[in-house]
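Note sheet for the following structure.
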Amino acid sequence: MAQPEPSIYLDYNASAPLRPEARAAMEAALGLAGNPSSVHGFGRAARECLEAAREKVAALVNARPENVIFTSGGTEANNLALASVAGRPVIASAIEHDSVLQSAPPDRRLSVTRAGIVDLAALERRLDGLAPGTLVSVMWVNNETGAIQPVEDIARLLEGRGIGFHSDAVQAAGRIALDMAPPGPDMISLSAHKIGGPTGVGALVLGDSVAGGTELAPLLRGGGQERGRRAGTENIVGIAGFGAAAAAARRDLATYGALADLRDSIEAALRATCPEIELPGQTAPRVANTLNVMMAGVRAETQLMALDLKGIAVSAGAACSSGKVQPSHVLRAMGYGENEAATALRVSLGPETRAAEVDLFVEAWRGLFRRLAQTNPAAA
């Protein structure tokens, strides 16, 4: 299907375009005939490709390659981490991905500040009541606001208590430097397509020691792949692309922060149009590529359709609900009302984003705001 003109992609947090390095690695892997578990030459070649990718993913987060467990994506990685404490409590922040929140009922969720940062004081108050073997799960970077969570501070609070610490690092990888060495989480989840790799592949990465001596219980059984942690023949083509994307993301970390200039220019332009505009998470430490903006009185789906007609792709919060546009649970947790949350757009930039594209987005948003402000007093 032909894309509209101009075609401006500002939804990198949903999925990043495939990097050329990943495409090349996948095309090379397509020529491998062997199963990586086979002992003959074809199998050894496939195994070599698999382990080379594992080393690249490990290097991105300063982990040991043997501690990288390949999965079908970030959601499976989250589920695998949470399965390690089956039958024991999971404490999670209120702004987590749904794959984590489903294991943490409302009474076991950590509150966040108006800026979208986990309330460390609230966590500290709960620590005395947490039994050894409990798992705390707090994402490294929020997917809707870009807010960087105080992961090292959380790790220090949990140290020596026998409480496991998992972090969904899907939106952090390739955007900020990650390090599995202490102080840090015991487990992190990654997803290839957020860093320019293919969809359908991710990883759970373990630290050298898991608090409380937790054993990882595999979700998939029936084979010894991934050191017995995840059965099934590995997706060699996808994993090869993941490895190449991880290496490229690690190489580009030093320049990724420059995207903050483009992000800040958008926020400044929107505020000049509407001085009272709400930009959730703006006061928090953030990754360079993400901003959240509310157009008062105008539902997000209305904005999305208008921008899409101009060939501009953004999103309304997470892109994980089969195309549904619903008020963001992240913004609700930050203290915004349901009607406010229903007006929020997420704009997420990437290495290929250019200043001219940002200018076209700002022009389109301004036009939409001014047009709707004439007929909707709540938008003015």
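The values are calculated or read from the model by the stated rules, or taken from the named source; none is laboratory data. Being a predicted model, the structure only gives us computed values, none of them experimental. Glycine also receives a Cβ, built like all others from the backbone with ideal geometry; neighbour counts cover every protein chain displayed. These area figures cover heavy atoms from the full protein model, side chains too; ligands, DNA and RNA do not enter into them. Shrake-Rupley method; radii C 1.70, N 1.55, O 1.52, S 1.80 Å.
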Quick one: how many residues across the stretch 122-170 are more than 23 Å from the chain's Cα centre (by Cα), surrounded by 14 or more Cβ atoms within 10 Å (Cβ to Cβ) and small (Gly, Ala, Ser)?
3
Count - residues of the stretch 351-368 that are within 21 Å of Asp252 (Cα to Cα) and open to solvent by 70 Å² or more (accessible area, probe 1.4 Å):
2
Checking the conditions here, which among Thr113, Thr71, Thr75 is touching a helix residue (DSSP H, G or I) at 6+ places or on another chain (Cβ under 6 Å) and open to solvent by 20 Å² or more (accessible area, probe 1.4 Å)?
Thr75
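Yes or no, residue by residue, for (1) open to solvent by 10 Å² or more (accessible area, probe 1.4 Å); (2) at pLDDT below 95; (3) of a type in the set (Gly, Ala, Ser):
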residue	(1), (2), (3)
Ala177	yes, no, yes
Pro183	yes, yes, no
Gly196	no, no, yes
Leu204	no, no, no
Gly212	yes, yes, yes
Gly222	yes, yes, yes
Arg227	yes, yes, no
Being closer than 18 Å to Thr199 by Cα and more than 16 Å from the chain's Cα centre (by Cα) is the filter here; which residues of the stretch 56-67 pass it?
Lys56
From the list Leu270, Leu331, which one is over 23 Å from the mean Cα position of the chain (by Cα), modelled with pLDDT of 95 or more and either surrounded by fewer than 20 Cβ atoms within 10 Å (Cβ to Cβ) or not in a loop (DSSP other than H, G, I, E, B) (or both)?
Leu270
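Restricting attention to the stretch 292-307, report how many residues are in contact with a Pro (Cβ under 9 Å, 6 or more places away or on another chain) and not polar (S, T, N, Q). Please lay out each step first, then the result.
Restricting attention to the stretch 292-307, the residues satisfying the condition of being in contact with a Pro (Cβ under 9 Å, 6 or more places away or on another chain) are 292-294, 297, 300.
Now restrict to residues that are not polar (S, T, N, Q): 293-294, 297, 300.
Residues in the stretch 292-307 being in contact with a Pro (Cβ under 9 Å, 6 or more places away or on another chain) and not polar (S, T, N, Q): 4 in total.
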Within the stretch 264-292, restricting attention to residues that are touching a residue at least 60 places away in the same chain (Cβ under 8 Å) and among the β-branched types (Val, Ile, Thr), which residue is farthest from Gln149 (Cα to Cα)?
Thr273
Restricting the stretch 281-327 to residues that are open to solvent by 30 Å² or more (accessible area, probe 1.4 Å) and closer than 15 Å to Asn143 by Cβ, which is modelled with the highest pLDDT?
Arg286
Which pairs do you get when a residue that is on the phi > 0 side of the Ramachandran plot, found in the stretch 206-226, comes within reach of a residue that is modelled with pLDDT under 85 and not small (Gly, Ala, Ser), reach meaning Cβ atoms under 9 angstrom, with the pair 6+ apart or on two chains?
Gly212/Val85; Glu226/Pro218
